[in-house]
1. Just 212, 329, 360 to compare: in a GNM of the chain, with alpha carbon springs under 10 Å, which one fluctuates most?
2. Over the Cα atoms of region 316-371, what radius of gyration and what Dmax do you get, in Å?
3. For helix 309-330, what angle does its Cα long axis make with the longest principal axis of the chain, in degrees from 0 to 90 and rounded to 10?
4. What FRET efficiency would be calculated for the residue pair residue 291, residue 19, taking the C-beta separation as r and a Förster radius of 60 Å, to the nearest 0.05?
5. Show me, bin by bin at 5 Å from 0, the whole-percent P(r) of region 183-264 based on Cα pairs.
6. Calculate, in nm to one decimal, what residue 173 and residue 267 gain on full extension: separation in residues at 0.36 nm each, minus their alpha carbon distance.
7. Spin-label point model (7 Å from Cα, Cβ direction): what's the residue 372 to residue 251 distance in nm?
8. Once you charge only the Cβ atoms, +1 for Lys and Arg and -1 for Asp and Glu, what is the size of the charge dipole of region 230-342 about its Cα centre, to the nearest 20 debye?
Amino acid sequence: MTNDGVGSSAAGAVAPTFHEMWEELAALGRDPRTGGYHRLSWTPAERACVVWFQEQAARRGLVLDGDGNGNLVAWWWPDSASPERGRLDGGVVTGSHLDSVRGGGAYDGPLGVVSALAAIDVLRASGVRPRRPLGVAVFVEEEGARFGVPCLGSRLMTGALTPDEAARLRDATGTSLVDAMRQAGHHAELGPSLALLRDPVAFVELHVEQGRQLADLGAPVGVATSIWPHGRWRFEFTGEANHAGTTAMEDRHDPMVTYAMTALAANKRARLLEGRARATFGRVEVEPNAVNAVPSRVRAWLDARAADERILETLVGDIRRQAGERATRDGTRLVVERESWTPAVEFDPTLRDRLRLVARVAVAGTGFEAGEVPLLATQAGHDAGILASAGVPTAMLFVRNPTGVSHAPAEYVDPVDRVAGVGALAAVLADLLRH
Ligand code: GLV
Ligand code: MN
Ligand code: MN
Ligand code: MN
């Protein structure tokens, strides 16, 4: 199978292949020391990815639209229509995000965007004429790596986060979301913007799998069933700064100790739930952060997820209680604030089954043995989940990641599996556009 994103643009010129697109993106925001990507929203590296996307859309004759939150959609219109001829609702939307966590992998987000562009090229090359508009969406700040709330763009779009709540967000340096957007030259107008997607009949997000399920099953592509509920909590431990040498061990009020014991307790609590929960402290700030001083304050962020909301609430409640007990013992103070919450998501079962059927045939057509397209539950958050919660018929395709690693440089998709992913996505989109 060689249709690795080869296709023609609206003007008849050959559009860049998947490989060429991937090579162009690969250079943007990469830390040569670690191989990880730093594409935090509204920073030059992430904006370079967005400009790259806008250029790709233009080369294909797609019509760009955007909202005041920073979300973008590039539309391929039916031959009979042009945006000037008025609104055309009821399209199909695909896409993902271009931002990354700090030190992230190359695939989380960009795979869905590049595969979407390549899928359009495949559809064009095979003579598909869409009856509905097809949009490629790029959602902003999916990771919440800069402003703390994951899927910020899609939450604002659907109203899951209010403009006032978003306006209060600050990054680690104290810059507000609105200021960051303005500094990047974007006219910020935060608020609901679901109209940007034009009342789609379906949203389909293709994404790298962030675990090893497909690798273990020997399948290149899978379909998502659900997303675990998850959230983020900021734990602020306050103690008393003092000299590391002259302060006797029993005289200290050391918030680092309270934090450390809390991190251990969180790990143990989640382990006791035997695969049904996760608890991670992945970000910590220490004041004054001096080697020879007992700290005055530790801020640590808990990311917790579980198989259902009741388990999650109990888990976080237990961690908070243990942290509070430890704070009493250490003579420190604890304040906990929830920064985000994402309820459990079940993807549209009808759409899911339809995707599975179509993807199965398509994957076999790309040279793989005709096997089942597995159904997978995931513990990772996605804009697709936010749209599903807002009532948009939504589905996700996952592409095999042989390392099983994600949010780290080892995240990977084999080029052969990329072809299977593009083939499956193109077939799914063609099917949805036909009806
Ligand atoms: C985003 O990828 C998340 O699930 O944290
Ligand atoms: Mn992602
Ligand atoms: Mn991610
Ligand atoms: Mn995600």
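All of the numbers you see were taken from the coordinates with simple rules; none came from a lab. Every value quoted in this text rests on a predicted model; they were computed, and no experiment measured them. Cβ placement follows ideal geometry from the backbone for every residue including glycine, while neighbour counts extend to all protein chains displayed.
1. 329
2. 24.0, 65
3. In the chain, helix 309-330 runs at an angle near 30 degrees to the longest axis.
4. 0.80
5. Values per bin, smallest distances first: 3, 8, 10, 8, 9, 10, 9, 11, 10, 8, 7, 4, 2, 0.
6. Result for the pair: 30.9 nm of gain on full extension.
7. The answer from the label model is 6.7 nm.
8. Working: 19 positive and 17 negative charges, 78 e Å.
So the dipole magnitude of region 230-342 works out to roughly 380 debye.
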